[in-house]
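Q: Once you've had a glance at the structure underneath, I'll fire off some questions.
The values are calculated or read from the model by the stated rules, or taken from the named source; none is laboratory data. Model, not experiment: these values are computed from the prediction. Note: ideal-geometry Cβ built from the backbone for every residue, glycine included; neighbour counts use all protein chains shown.
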């Protein structure tokens, strides 16, 4: 049926967003059962319907591929779209595995865009299944939505899908961060704190919404960040062949690895010596070994948007011991100017569990944003009352 | 307060082709008689008066029209000019009316027919005006000398970076001092001109008080510091009270300090850059001082500095000799040379002189007070509109001028963006507002600024139009998203803006790119 029609994957996480109203940080894992007990009700389907409504006028131009029932098929059918159901084993409540199987199947069926309704947990499940092979777009319906795949609102998601269907060339697809609350914080002990650190999982592809950005005074439009691209080039060309370089997780640092023509891991720590990869997705122990073997090293660290942490979340491999051996003066921070501009105020925390090392990192540190251009961020050490008492 | 009645505005839309596509072969405005034989006998053929090397071998491609058609076409174009005669609360620019009396003055032959290469004895009047205006700006800033060569604010900032270079070179420190420090909400021409002059740029981020912190400055100042370039207030609108300490920190490290006075309106007669310790400053005559602003054309960035930097100024300098005569003095050996031709855009200097003399010191102070009041009045009413928030709601200190507002909440609720609202507002006879410098650090920004010009009725109307459009965003979002509807041109498809094959800025380029579509 309809080979020439646009193939839109739709997946609804029917339990997304339920935790928020009952004071839980998401509905991942067992939290779902508690959310139901506390009286939560589904929201993602409503949001998806709201988002898809604007596509009714162009319904002859696309076909929806969706998992059965509440995971997408029902909503799509109610709106009167041509809908193909994709096989699923799920019964009753859905799990991460259902989502992952469904999107893998969609990719096999050649979908051109996957629209999902959910939060960071759903985005991460999809990303882990299909990476950046197909652009994904999130209808904001979760409790946590720090990943870059989410539209502002259900309506803007619908608009973006509409432009994508009508003329995919007009919509830019760019790389965005997939972030989710770090596992160790999603349950229990810290649930009283208002702020939850997040972890970086990787870079997904997503359609970009500001393509008509222009104004009376500026005619420039956003086309990725030329400054940070040039900086990555400059750094790649100026590496000292007899020095060890460590690269923290994130797209900015990974860009340098790519320019060097190396196969690193964007979500982990990589090591380069003499322009060769000498370690990929390293653990703390392996990093310490490399540091002992090679001596002096430079660590390139990217500032990860929405994370709020420079060290101690999402990159625990870079432990106090590692930082001590590298030495804080040999840490080079990198970020796009835009990412820094969106942090207000530009404060980043470090949590290494070692007051002495943390104190060396504290204060304003330079962040490079382009060749010859830099800014500063303020590194903050969280106050640990108990730790101080112990020290006394 | 009852909202103003929305104006049933309709822009003129003549929908005419380009002048190159009008007319017909052979049509002429005026047909002149042939030269009489007697005259040819005496002076020869007219064509021989043009040197052979300058003669065209082919006639230029020009439209062929009657005089009436030409006049009609250009009148239509002038009627279709968008903006600047509506209510124009355009942030960062302090838009002002340009009094007709000043315009008339500079069109008089005794100004318009002058040439800068005339003997200076025949230029005494105009030299005196420029000299006196220099004195007025010295009074407002505490600086020792002003020059008017720079063709705008960014050009004046570039003058500063060139002088920074020359100053450190003269002390043998240019190799070492290669960093210029600026702040995130300063005008982007500061980092841009610093980079253009070969300096590394360090940008200090905005912090919780509404400006960058002293600690951040201390962390980056070093023996590599060449200069500090700041606005105060910057586009957040809050005056940085630590500015003297900033200047001291940079001076102790051996750097120069430049005050970009693009945002001078709320400060007129209240601060003097030199008294704060600055080495140089810049005023925009085409904004703050009532001169016309126009696309990088007739603008002036007046650059002033303290005695220590005068030897580096671009020349010639206008001076007064012992007999009271005004003389043009050639620049000295340390000068950076020219940043533009002659002594700058003199008609704008004359307009600014006329405006400043008409205002007087009291008038300038009143204007500053009124504009501060107007901006804070706007804030109160703007924040009452559902969907409008302050870009940084944490900042509660009183402002001296504009700040960034956000329509992020409206966009999340309705899908209508700040660009849509900007377009739609022009349907009611107000000019498109200023969004924000890039990168945007708050969602869906807009930056209105009311100077002393605008009446409370104008300001209220502007706010009522915004409130009306925000309500439309909820009731009839399609109308807002597809706007403008009453303007000269309707919503543009902007997708080709970055693709040079999709547009042409000259007729020649158009023919080259679309050879099949001639006339």
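Residue-by-condition table, conditions (1) in a loop (DSSP other than H, G, I, E, B); (2) closer than 24 Å to residue B:391 by Cα; (3) in contact (Cβ under 8 Å) with a residue 12 or more places away in the chain:
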| residue | (1), (2), (3) |
| --- | --- |
| B:457 | no, no, yes |
| B:478 | no, no, no |
| B:485 | yes, no, yes |
| B:489 | yes, no, yes |
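Q: Restricting to the range A:336-364, and then to whatever is in a strand (DSSP E or B) and at the interface with chain B (Cβ under 8 Å from one of its Cβ atoms), can you tell me which residue is surrounded by the fewest Cβ atoms within 10 Å (Cβ to Cβ)?
A: If we filter the range A:336-364 for residues that are in a strand (DSSP E or B), which is where we start, we get A:347-350, A:363-364.
Next, only the ones that are at the interface with chain B (Cβ under 8 Å from one of its Cβ atoms) stay: A:363-364.
Numbers: A:363: 15, A:364: 20.
It comes out as A:363.
Q: Moving to a separate point now. Touching a helix residue (DSSP H, G or I) at 6+ places or on another chain (Cβ under 8 Å) and within 14 Å of chain A (Cβ to nearest Cβ), is that true of residue B:407?
A: Yes.
Q: Additional query: Can you tell me which condition residue B:205 does not meet? The list is (1) surrounded by fewer than 24 Cβ atoms within 10 Å (Cβ to Cβ); (2) within 16 Å of residue B:392 (Cβ to Cβ), and all the others hold.
A: With (1) surrounded by fewer than 24 Cβ atoms within 10 Å (Cβ to Cβ); (2) within 16 Å of residue B:392 (Cβ to Cβ) applied to residue B:205, the lone miss is (1).
Q: Out of (1) more than 19 Å from residue A:177 (Cβ to Cβ); (2) part of a loop (DSSP other than H, G, I, E, B), the odd one out for residue A:102 is which?
A: With respect to (1) more than 19 Å from residue A:177 (Cβ to Cβ); (2) part of a loop (DSSP other than H, G, I, E, B), residue A:102 is out only on (2).
Q: Across the range B:474-487, what is the number of residues that are more than 10 Å from every other protein chain (Cβ to nearest Cβ) and surrounded by 16 or more Cβ atoms within 10 Å (Cβ to Cβ)?
A: 6
Q: Taking residue B:476 as the residue in question, decide whether it is out of contact with any strand residue (DSSP E or B) (no Cβ under 9 Å at 6 or more places or on another chain) and farther than 14 Å from residue B:427 by Cβ. Even if it seems obvious, please write down each step before you answer.
A: On the way: out of contact with any strand residue (DSSP E or B) (no Cβ under 9 Å at 6 or more places or on another chain): yes; farther than 14 Å from residue B:427 by Cβ: no.
No: the conditions fail for residue B:476.
Q: Still on this model: In the range B:455-466, which residues are closer than 15 Å to residue B:91 by Cα and in contact with a strand residue (DSSP E or B) (Cβ under 7 Å, 6 or more places away or on another chain)?
A: B:462
Q: Please tell me if residue A:230 is surrounded by fewer than 22 Cβ atoms within 10 Å (Cβ to Cβ), farther than 30 Å from residue B:447 by Cα, touching a strand residue (DSSP E or B) at 6+ places or on another chain (Cβ under 9 Å) and within 14 Å of chain B (Cβ to nearest Cβ). Show your work before the answer.
A: Working: surrounded by fewer than 22 Cβ atoms within 10 Å (Cβ to Cβ): yes; farther than 30 Å from residue B:447 by Cα: yes; touching a strand residue (DSSP E or B) at 6+ places or on another chain (Cβ under 9 Å): yes; within 14 Å of chain B (Cβ to nearest Cβ): yes.
It is true that residue A:230 is surrounded by fewer than 22 Cβ atoms within 10 Å (Cβ to Cβ), farther than 30 Å from residue B:447 by Cα, touching a strand residue (DSSP E or B) at 6+ places or on another chain (Cβ under 9 Å) and within 14 Å of chain B (Cβ to nearest Cβ).
Q: Something else now. Inside the range B:428-451, can you point out the residues that are out of contact with any strand residue (DSSP E or B) (no Cβ under 8 Å at 6 or more places or on another chain), more than 8 Å from every other protein chain (Cβ to nearest Cβ) and surrounded by fewer than 22 Cβ atoms within 10 Å (Cβ to Cβ)?
A: None - no residue of the range B:428-451 is out of contact with any strand residue (DSSP E or B) (no Cβ under 8 Å at 6 or more places or on another chain), more than 8 Å from every other protein chain (Cβ to nearest Cβ) and surrounded by fewer than 22 Cβ atoms within 10 Å (Cβ to Cβ), so the list stays empty.
Conditions (1) part of a strand (DSSP E or B); (2) more than 19 Å from residue B:106 (Cβ to Cβ), marked per residue:
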{"site": "B:287", "(1), (2)": "no, no"}
{"site": "B:293", "(1), (2)": "no, no"}
{"site": "B:298", "(1), (2)": "no, no"}
{"site": "B:311", "(1), (2)": "no, yes"}
{"site": "B:314", "(1), (2)": "no, yes"}
{"site": "B:318", "(1), (2)": "yes, no"}
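Q: Just checking, which of B:195, B:219 is surrounded by fewer than 20 Cβ atoms within 10 Å (Cβ to Cβ), at the interface with another protein chain (Cβ under 9 Å from one of its Cβ atoms) and within 22 Å of residue B:156 (Cβ to Cβ)?
A: B:195
Q: Among the residues of the range A:149-181, what is the count of those that are within 14 Å of another protein chain (Cβ to nearest Cβ), in contact with a helix residue (DSSP H, G or I) (Cβ under 9 Å, 6 or more places away or on another chain) and part of a loop (DSSP other than H, G, I, E, B)?
A: 5
Q: Determine which member of the set A:24, A:43, A:31, A:8 is at pLDDT 90 or above and surrounded by 14 or more Cβ atoms within 10 Å (Cβ to Cβ). Spell out how you get there, then give the answer.
A: Numbers: A:24 fails: at pLDDT 90 or above; A:43 fails: at pLDDT 90 or above; A:31 fails: at pLDDT 90 or above.
Of A:24, A:43, A:31, A:8, the one residue that is at pLDDT 90 or above and surrounded by 14 or more Cβ atoms within 10 Å (Cβ to Cβ) is A:8.
Q: Of the conditions (1) within 14 Å of chain A (Cβ to nearest Cβ); (2) outside any helix (DSSP H, G or I), residue B:154 fails just one. Which one is it?
A: Just one mismatch for residue B:154, condition (2).
Q: For the structure I just gave you, tell me whether residue B:495 is in a helix (DSSP H, G or I), farther than 30 Å from residue B:266 by Cβ and within 9 Å of another protein chain (Cβ to nearest Cβ). Walk me through how you get there before you give the answer.
A: On the way: in a helix (DSSP H, G or I): yes; farther than 30 Å from residue B:266 by Cβ: yes; within 9 Å of another protein chain (Cβ to nearest Cβ): yes.
Taking the combined requirement at face value, the residue satisfies it.
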